[in-house]
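Notes follow the structure.
The values are calculated or read from the model by the stated rules, or taken from the named source; none is laboratory data. These numbers were taken from a predicted model, which means no experiment stands behind them. Every residue, glycine among them, receives a Cβ derived from its backbone with ideal geometry; neighbour counts consider all protein chains shown.
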């Protein structure tokens, strides 16, 4: 880790933040991302809370949810989509299991439900 100067995306304030030692070009904005997370300006607070909710839900999917790696990847992306406000609810059906990602009281929830369908008599 190294300390660099990052700039809040919302108010432009700068602050010292810790980032990984060898950042690639695509990670150059990591310092600004961290500065925005740590900033106390009015616009950064709800954004930082939303980012924390996204990260929490994604860690839950990665570490605790029982599902295939492919389903976990899709659900993790669904969390990001919902967290950033592009959708209200996403359902992923995999075999006999429904996975639902949605928000409730500003939290992102991931639910797993086994679906049992009864056959219809002909």
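Of all residue pairs spaced 6 or more apart or on separate chains, those with beta-carbon atoms under 6 Å, a first member in region 53-70 that is closer than 21 Å to residue 114 by Cβ and a second member that is part of a helix (DSSP H, G or I) are 57/79; 61/72; 61/75; 61/76. Taking the stated definitions as given, is residue 86 outside any helix (DSSP H, G or I) and not assigned by TED's automatic domain parsing to the domain that holds residue 32? Taking the combined requirement at face value, the residue satisfies it. For residue 17, the test of being within 30 Å of residue 115 (Cβ to Cβ), outside any helix (DSSP H, G or I), touching a residue at least 12 places away in the same chain (Cβ under 8 Å) and more than 16 Å from the chain's Cα centre (by Cα) is failed. Checking each residue in region 54-64 for being assigned to a helix (DSSP H, G or I) and either at pLDDT below 95 or surrounded by fewer than 16 Cβ atoms within 10 Å (Cβ to Cβ) (or both) picks out 55, 56, 59, 62, 63. Taking the listed residues 20, 3, 42, the one that is in contact with a helix residue (DSSP H, G or I) (Cβ under 9 Å, 6 or more places away or on another chain) and surrounded by fewer than 12 Cβ atoms within 10 Å (Cβ to Cβ) is 20, with no other qualifying. Answer yes or no: is there a residue in region 103-119 that is assigned to a strand (DSSP E or B) and at pLDDT below 90. Within region 103-119 (the criterion being assigned to a strand (DSSP E or B) and at pLDDT below 90), the answer is yes, since at least one residue qualifies. Scanning region 25-39 for residues that are part of a helix (DSSP H, G or I) and modelled with pLDDT under 85 yields a total of 3.
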